[in-house]
1. Scan the stretch 38-63 residue by residue and report those that are over 27 Å from residue 89 (Cβ atoms) and surrounded by fewer than 17 Cβ atoms within 10 Å (Cβ to Cβ).
2. Has the stretch 143-158 got any residue that is closer than 17 Å to residue 46 by Cβ and touching a residue at least 60 places away in the same chain (Cβ under 8 Å)?
3. Scan 20, 43, 24 and give me the residue that is in contact (Cβ under 8 Å) with a residue 60 or more places away in the chain and assigned to a loop (DSSP other than H, G, I, E, B).
4. Return the total of residues in the stretch 95-108 being surrounded by fewer than 17 Cβ atoms within 10 Å (Cβ to Cβ), assigned to a strand (DSSP E or B) and in contact (Cβ under 8 Å) with a residue 60 or more places away in the chain.
5. Which residues, counting only those in the stretch 55-65, are free of Cβ contacts under 8 Å to residues at least 60 places away in the same chain and part of a strand (DSSP E or B)?
6. Is it the case that the stretch 73-94 has a residue that's surrounded by fewer than 22 Cβ atoms within 10 Å (Cβ to Cβ), within 16 Å of the chain's Cα centre (by Cα), in contact (Cβ under 8 Å) with a residue 12 or more places away in the chain and part of a loop (DSSP other than H, G, I, E, B)?
7. Filter the stretch 109-163 down to the residues that are assigned to a loop (DSSP other than H, G, I, E, B), touching a helix residue (DSSP H, G or I) at 6+ places or on another chain (Cβ under 7 Å) and over 30 Å from residue 19 (Cβ atoms), then identify the one that is modelled with the highest pLDDT.
8. Out of everything in the stretch 17-35 that is under 16 Å from the mean Cα position of the chain (by Cα) and more than 12 Å from residue 2 (Cβ to Cβ), what residue ends up being surrounded by the fewest Cβ atoms within 10 Å (Cβ to Cβ)?
């Protein structure tokens with residue numbers, strides 16, 4: 001089950017994965033299915049209530065899993081209307097580094113190092129934030145965060161139910177969220 005804004009597990013730092021076993025592989029399969037069902041680009045384990053440092057993703061090349069990821073380099077700057085599966089119907093403009101290099105391991109225990117720019121770089125940063133208990137709203141200026149939270153509260157009572165704040169979707173992401 002996908003955890004959403006307000007669930008305390010989303011605010012906790014996930015633990016390093018110590019053992020790569022069948023349970024972890026089954027978790028990854030469940031996460032990929034959940035990610036696709038929710039029309040997502042990525043999904044961190046805490047978003048399904050599991051405090052382990054891993055995430056699944058698919059930006060068009062098929063599903064993949066990264067375990068114990070860490071960003072080892074970043075540069076540039078890119079502004080993007082970011083959405084989140086755990087904060088439905090909210091998209092906010094966030095500035096992050098444009099290019100990041102991430103290091104981790106795959107489910108076979110092999111080291112993985114790659115560079116992601118623009119959307120992939122954004123996904124890496126967003127999912128690692130989840131592993132650290134950080135939500136995209138935490139990346140906003142205080143005034144903007146308050147305005148978004150106010151809109152989210154208002155949307156809970158609004159028949160329309162949408163809390164879009166300065167939202168737009170890039171054509172290249174097919175409406176999928178991080």
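The values are calculated or read from the model by the stated rules, or taken from the named source; none is laboratory data. Note that the coordinates shown come from a computational prediction; the quantities given were computed from them, not determined experimentally. Heads up, the Cβs are rebuilt from the backbone with ideal geometry, glycines too, and the neighbour counts pull from every protein chain shown.
1. 61, 62 - these are the residues of the stretch 38-63 that are over 27 Å from residue 89 (Cβ atoms) and surrounded by fewer than 17 Cβ atoms within 10 Å (Cβ to Cβ).
2. Scanning the stretch 143-158, I find no residue that is closer than 17 Å to residue 46 by Cβ and touching a residue at least 60 places away in the same chain (Cβ under 8 Å), so the answer is no.
3. 20
4. 0
5. Within the stretch 55-65, 56, 64, 65 qualify.
6. No, there is no match, as no residue in the stretch 73-94 is surrounded by fewer than 22 Cβ atoms within 10 Å (Cβ to Cβ), within 16 Å of the chain's Cα centre (by Cα), in contact (Cβ under 8 Å) with a residue 12 or more places away in the chain and part of a loop (DSSP other than H, G, I, E, B).
7. Ranking the qualifying residues of the stretch 109-163, first place goes to 140.
8. Checked the stretch 17-35; the qualifying residue surrounded by the fewest Cβ atoms within 10 Å (Cβ to Cβ) is 32.
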